[in-house]
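Reviewing the structure listed below.
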Amino acid sequence: MKDQVVIAGAGIIGLALAFELQERGERVKILMPEDEAGTATLTAAGMLAPVSEADVEHLHLVPLALDSLTRYPDFVARVQAASGRPCGYRSEGTLWVALHRDHRAELEHLLTFMDHRGLSAERLDARSLRRLEPGLSPRAVGGYRIPADHQVDPRALRLALLEALDRRGAELESGCRAVGLELRAGALAGLRVAYGERREVLPCTRVVLANGAWLGHDFDGALPDCGVRPVRGQVLRLAGPVLLQHVIRTPDVYLVPRADGRLIVGASSEERGFDGRNSAGATHDLLRHAIAAVPEIAELELEEISVGFRPATRDHLPVIGATAIRGLFLCGGHFRNGVLLAPASAALLADAIHLERTDAALAPFSPRRFEIQACPNRN
Ligand code: GLY
């Protein structure tokens, strides 16, 4: 029998991978950190937005993102069936809204980019926008609708994945983190694991590091130098009556409505290392932009300010695949798109591990692109 696959990290990326590996008949063990504060999954709003978040500088990401979006309904259906829990998947689409001339110019630029890439958006005047979302500010001057950009509730999806994995017999070990490798003749022979101050070696021959912004951090082992760093995002959770049906975006803020009346408002983007404190300034900016777009937001209750660390690699593309060390894989660096990219990353990497054959779709994301200048890890 094949050795189990050990996955370090229990965000959506690690859990989705574990789920897909189980679907292929593999046994999995998941190492969950002692402290989940700052985990991107717990902060993320859950926009599934390959079109809205299409990145002019990272064109390789668009096909993977579209592939992942296509996989979402089936992925969610399988997770829901295996767990008996809802995942908050919604397909009403996204409205981009311009509140003034500068916004309109910015949105025109984005629209041109999307047109060139064959990504579809439907232009709307102010009246049509407000017909779709009567709560929008009368200042809205126009915008467009992106039917293909959907949403999921990352916290609900994570709980459903944990339940599904547990029901199928995954080993879930909490309060520990991967801190190093044991090698034998260039191949993986074990993982060094820290339980608080205590260290142990877990014998294993297949490991995936999927620990978000902490990938390579305080890790003793020759990983490719992907330079993963945390990009802090502050997100607000508001509660009250349902104000919106669609995800609303302006160039300054995004608003993601949940069916229970919660409204997620995001997000700041800050280079502050692992500083997990929130700031009055970011909260002020998010609320100001949110209320400018939908005035009734001023009446909602501010329930939570959450702070998460987006995992960004040096080139801002994810690392998904095998390393030079036999048996060691990375799945991380998903930056602004972790929730969206989870189904495709998980399915493609699960195939690569299970079948020992990597799909060409993963070529742009190989961790080995960082091996040209092999450097020791950052600590
Ligand atoms: N994908 C949304 C964000 O990173 O804020």
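The values are calculated or read from the model by the stated rules, or taken from the named source; none is laboratory data. Computed from a prediction, not measured in an experiment: that's the story for all the values here. Don't worry about glycine lacking a Cβ; one is built from the backbone with ideal geometry, like all the others, and counts go over all protein chains shown. For the accessible areas, the whole protein counts, side chains as well, though only heavy atoms, and no ligand, DNA or RNA atoms are used. Shrake-Rupley method; radii C 1.70, N 1.55, O 1.52, S 1.80 Å.
The residues in the range 199-218 that are modelled with pLDDT of 95 or more and either in contact with an Asp or Glu (Cβ under 7 Å, 6 or more places away or on another chain) or over 18 Å from ILE320 (Cα atoms) (or both) can be counted, and the count is 8.
In the condition set (1) away from the ligand (no atom under 15 Å from the Cβ); (2) within 29 Å of ALA54 (Cβ to Cβ); (3) of a type outside the set (Phe, Trp, Tyr), PRO311 is compliant with all but (1).
The single condition among (1) touching a strand residue (DSSP E or B) at 6+ places or on another chain (Cβ under 7 Å); (2) among the polar types (S, T, N, Q); (3) within 13 Å of the ligand (Cβ to nearest atom) that GLN4 does not satisfy is (3).
Would you pick out the residues in the range 200-220 that are small (Gly, Ala, Ser) and under 18 Å from GLY175 (Cβ atoms)?
Kept after step one, since they are small (Gly, Ala, Ser), are these residues of the range 200-220: 210, 212-213, 216.
Residues satisfying the conditions are ALA210, GLY212.
Of the residues GLY190, GLY175, GLY169, the single one that is under 26 Å from GLY221 (Cβ atoms) and either in a loop (DSSP other than H, G, I, E, B) or touching a Phe, Trp or Tyr at 6+ places or on another chain (Cβ under 8 Å) (or both) is GLY175.
Could you list all residues from the range 196-211 that are open to solvent by 20 Å² or more (accessible area, probe 1.4 Å) and touching a residue at least 24 places away in the same chain (Cβ under 8 Å)?
Pass one, the range 196-211, residues open to solvent by 20 Å² or more (accessible area, probe 1.4 Å): 196-203, 205-206, 211.
GLY196, LEU202, THR205, ARG206, ASN211 - these are the residues of the range 196-211 that are open to solvent by 20 Å² or more (accessible area, probe 1.4 Å) and touching a residue at least 24 places away in the same chain (Cβ under 8 Å).
Scan the range 317-330 for residues that are surrounded by 17 or more Cβ atoms within 10 Å (Cβ to Cβ) and part of a loop (DSSP other than H, G, I, E, B) and the total you get is 5.
Per the conditions (1) within 30 Å of ARG357 (Cβ to Cβ); (2) assigned to a loop (DSSP other than H, G, I, E, B); (3) open to solvent by 30 Å² or more (accessible area, probe 1.4 Å), the sole criterion not satisfied by GLY227 is (3). Selection of first residues in the range 26-38 that are under 15 Å from TYR195 (Cβ atoms) and of second residues that are among the polar types (S, T, N, Q) and surrounded by 13 or more Cβ atoms within 10 Å (Cβ to Cβ), restricted to Cβ pairs under 7 Å at least 6 apart or on distinct chains, gives the following pairs, ordered by first then second residue: LYS29/GLN4.
Return the residue satisfying two criteria in turn: it lies in the range 92-149 and is open to solvent by less than 60 Å² (accessible area, probe 1.4 Å) and β-branched (Val, Ile, Thr), and of such residues it is nearest to ALA298 (Cα to Cα).
Within the range 92-149, the first condition is being open to solvent by less than 60 Å² (accessible area, probe 1.4 Å), and the residues that meet it are 93-99, 103, 107, 110-111, 113-114, 119, 121, 124, 126, 128-129, 133, 135-137, 140-144, 146-149.
Next, from what is left, pick out any that are β-branched (Val, Ile, Thr): 94, 97, 141, 146.
On the way: THR94: 22, VAL97: 18, VAL141: 21, ILE146: 26 Å.
Selected residue: VAL97.
Every listed requirement among (1) outside any strand (DSSP E or B); (2) open to solvent by 40 Å² or more (accessible area, probe 1.4 Å) is met by GLU182 save one, (1).
I'm checking my understanding of the structure. Among residues of the range 335-357 that are in contact (Cβ under 8 Å) with a residue 60 or more places away in the chain and open to solvent by 10 Å² or more (accessible area, probe 1.4 Å), which one is farthest from the ligand (Cβ to nearest atom)?
Once the filter is applied, the top-ranked residue is HIS354.
When the residues of the range 252-281 are filtered to those that are of a type in the set (Ser, Thr, Tyr) and open to solvent by less than 40 Å² (accessible area, probe 1.4 Å), the one that is nearest to LEU136 (Cα to Cα) is TYR254. Taking the listed residues ALA54, ALA40, ALA45, ALA16, the one that is within 19 Å of PRO73 (Cα to Cα) and within 14 Å of the ligand (Cβ to nearest atom) is ALA45, with no other qualifying.
Every residue, every condition in (1) more than 20 Å from GLY46 (Cβ to Cβ); (2) within 16 Å of the ligand (Cβ to nearest atom); (3) free of Cβ contacts under 8 Å to residues at least 60 places away in the same chain; (4) of a type outside the set (Phe, Trp, Tyr), yes or no:
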| site | (1), (2), (3), (4) |
| --- | --- |
| ALA239 | no, no, no, yes |
| ARG277 | yes, no, yes, yes |
| VAL307 | no, yes, no, yes |
| HIS316 | yes, yes, no, yes |
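The number of residues in the range 296-329 that are under 22 Å from the mean Cα position of the chain (by Cα) and on the phi > 0 side of the Ramachandran plot comes to 2.
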